[in-house]
Amino acid sequence: MEKIEIDIDQRFVDYLDNLLADNTAALAALRRGNTMRPGECSDMYRYVVPWIGEKTSKWTETVYYIVAGLYALNKTKSSDVAENFGGVVASMTRDDNRAAMEKRFQILITSHRDDVHIYLRQIIQMMKDVPINWVKLIKDLKSWNTDTQRVQRFWAKSFWSLIKKAPEESDKK
């Protein structure tokens, strides 16, 4: 079953890659979706609804709306980036924006799934031309807010391990 879901997720991302390559109307419609709660923008329906099966969970449907809107903001083709989203955010964190990025990232990983689209959007708007593995993002979002918070912990581990500074002299004592 999981392999089929991954294939459907990959096909959805491939569809977004092709759709948004030269369709400015679709791009505008999907971007408008970012101004509302996922699934509330009727302009997105024609592009997302065909990917929603009869047995698709409400949360998976929501994830597809979230990713379609975010993809339209970022516009980078799906990447095979090995890092999860936490690693991608860490890769764009610099000394001059570190405190702000850490704060935004902390808010993101502690957000409830009903609000995660807001904090993802804020970070992705800062990620111009930063490649994102959209299939992996879909898969991770499908598991958001499980009791174990596996995804949030995995993103946190990637983020803070990649931006970790060398220990201060005082820490070595």
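Just so you know, all these numbers are worked out from the coordinates, no wet-lab data involved. Here the structure is a predicted model, which means the values were calculated and not measured. Note that we place each Cβ from the backbone using ideal geometry, even for glycine, and neighbour counts take in every protein chain shown.
Take each peptide in 94-105, 21-32, 116-127, count the other Cβ atoms within 10 Å of every residue, and average; sorted highest first, the result is 116-127, 21-32, 94-105. Once both labels are positioned 7 Å from their Cα atoms along Cα-to-Cβ, the gap between residue 46 and residue 98 label points is 4.9 nm.
For the chain, the relative contact order works out to 28 percent when only alpha carbon pairs closer than 8 Å and six or more residues apart are counted.
The three principal axes of the Cα atoms in segment 10-102 give end-to-end lengths of 45, 30, 27 Å, sorted in falling order.
Any idea which of 118, 45, 138 is furthest toward the positive side of the dipole for segment 2-164, if Lys and Arg beta-carbons carry +1 and Asp and Glu beta-carbons -1? Farthest towards the positive end: 118.
Gain on full extension, evaluated as 0.36 nm per residue between residue 56 and residue 79 minus their Cα-Cα distance, stands at 5.8 nm. Rounded to 0.05, the FRET efficiency of the residue 24 and residue 122 pair, given R0 = 35 Å and the Cβ-Cβ distance, is 0.90.
For the chain, the longest principal axis of the Cα atoms and the long axis of helix 58-74 meet at an angle of about 70 degrees. With neighbours defined as other Cβ atoms within 10 Å of a residue's Cβ, the residues 55, 77 order from fewest to most as 55, 77.
From helices alone, the chain scores -18000 deg cm²/dmol at 222 nm; the rule is -39500 (n - 2.57) for each run of n ≥ 4 DSSP H residues, then divide by the residue total.
Note down the nm distance, to one decimal, between modelled labels 7 Å out along Cα→Cβ at residue 146 and at residue 8. About 1.8 nm separates the two model spin labels. Using 0.36 nm per residue and subtracting the Cα-Cα separation, the extra length available between residue 35 and residue 113 on full extension is 26.4 nm. 3J(HN,Hα) couplings calculated from phi for segment 77-88 with the Karplus curve 6.51 cos²θ - 1.76 cosθ + 1.60 (θ = phi - 60°) are, in sequence order, 4, 4, 10, 8, 3, 6, 5, 6, 4, x, x, 5 Hz; Gly and Pro show x.
Matching the structure-derived Kirkwood radius over Cα pairs in Å against the labelled list (1) 16.8; (2) 17.9; (3) 17.4 gives the label (1).
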